[in-house]
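Single-structure report; data block below.
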Amino acid sequence: MTRPIVPTQIRKVFDGRVFSVTVESIPLPRGGRLEAEIIRHPGSVVLIPVTDRGEIVLVRQYRPAIGRSSWELPAGSLKHGEAPDRAAIRECHEETGLIPAAVAHLGAFFPTPGYCDEEMHFYRATGLRPPTDDDPAAHQDEDEDIEARAFPPDAIRAMITSGEIVDLKTVAGLLLIENRTR
C-alpha cells in the first residue's frame with residue numbers, strides 16, 4: 001500500500017475570479033522535493049445540448065488566451081457549493097438561451113491534470129425550449145458576447161477536422177455523445 005503524498009507547505013501566489021494558483025512543496029517518494037505550481041479551480045460543467053432534430057448547439061465566443069473566437073460546447077464554472085447538475089441547467093440557459101427539460105451526466109474528466117485540478121462534468125441536455133415569463137432570467141458573465149447555433153454532428157466533425165474547432169472539451173464531448181448513441 002502506498003502512502004498518500006501530502007504537501008508540506010502550500011503558498012497561494014494568486015487568487016483570481018475564476019481560479020487561484022498555489023505553489024506546493026511536495027516530498028517525492030524516492031527522496032527530494034517538488035515545488036509544484038498548481039492551478040486550483042472550482043470545477044466546471046460542459047453541456048452537449050441536443051435539439052429534437054439531433055443537432056448539437058455550439059456557442060461562439062471570443063477567447064482572449066488564443067486571441068480569437070472559438071466554436072465550442074457551452075460550459076461554465078461551478079459556483080461555490082453548487083451541484084454540477086444544477087450548474088448544467090443554469091449554464092445551458094445562460095449560454096444558449098434555452099432551458100433543458102433533462103440533463104444526463106455522461107462523465108467527468110480532468111483536462112490538464114499536470115498542473116490544474118479542474119474537473120469537467122459533461123452533461124447531455126435534451127428537451128430544449130425557450131424561456132417563458134415564468135422562468136428566472138439568465139445572466140451572462142460581463143465579458144461574454146455569445147452566439148449560439150445548432151449544427152448537425154457531421155458538420156461538427158468536419159469543423160474539428162478542418163481546424164475550425166480547436167477546443168478540446170468540444171472534441172471530447174462529441175466523442176462522449178457519439179459513444180452513448182451507438
Tally, over region 158-173, of residues that are in contact (Cβ under 8 Å) with a residue 12 or more places away in the chain and within 13 Å of the chain's Cα centre (by Cα): 6
Test: residue in region 28-44 that is within 21 Å of Gly173 (Cα to Cα) and touching a Phe, Trp or Tyr at 6+ places or on another chain (Cβ under 7 Å): yes
Meets criteria (polar (S, T, N, Q), in contact with a helix residue (DSSP H, G or I) (Cβ under 8 Å, 6 or more places away or on another chain) and surrounded by 15 or more Cβ atoms within 10 Å (Cβ to Cβ)) for Thr96: no
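Table: residues versus (1) surrounded by 13 or more Cβ atoms within 10 Å (Cβ to Cβ); (2) part of a helix (DSSP H, G or I).
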| residue | (1), (2) |
| --- | --- |
| His105 | yes, no |
| Glu118 | yes, no |
| Ala125 | yes, no |
| Pro131 | yes, no |
| Pro136 | no, no |
| Asp145 | no, no |
| Glu164 | no, no |
| Lys169 | yes, yes |
| Ala172 | yes, yes |
Matching residues, region 133-175, being farther than 19 Å from Ser69 by Cβ, of a type in the set (Asp, Glu) and modelled with pLDDT under 80: Asp135
Which numbered condition Ser25 fails, given (1) more than 23 Å from Ala155 (Cβ to Cβ); (2) in the same structural domain as Glu164 (by TED's automatic domain parsing): (2)
For Arg60: the one exception among (1) modelled with pLDDT of 95 or more; (2) in contact with a Leu (Cβ under 9 Å, 6 or more places away or on another chain): (2)
Matching residues, region 59-117, being acidic (Asp, Glu) and farther than 24 Å from Glu147 by Cα: Glu82, Asp117
Pro4, sole failed condition from (1) over 21 Å from Ala75 (Cβ atoms); (2) surrounded by 13 or more Cβ atoms within 10 Å (Cβ to Cβ): (2)
Matching entry among Ser44, Ser20, Ser70 (being touching a Gly at 6+ places or on another chain (Cβ under 9 Å), touching a residue at least 12 places away in the same chain (Cβ under 8 Å), at negative phi and among the hydroxyl-bearing types (Ser, Thr, Tyr)): Ser44
Listing of strands (runs of 3 or more DSSP E) fully contained in region 1-95 that carry 2 or more residues being of a type in the set (Ser, Thr, Tyr): 20-27, 68-72
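The values are calculated or read from the model by the stated rules, or taken from the named source; none is laboratory data. What you see is a predicted model, and the numbers here were worked out from it, not measured in a lab. Because the Cβ atoms are built from the backbone with ideal geometry, glycine has one as well, and the counts that use them run over all protein chains shown.
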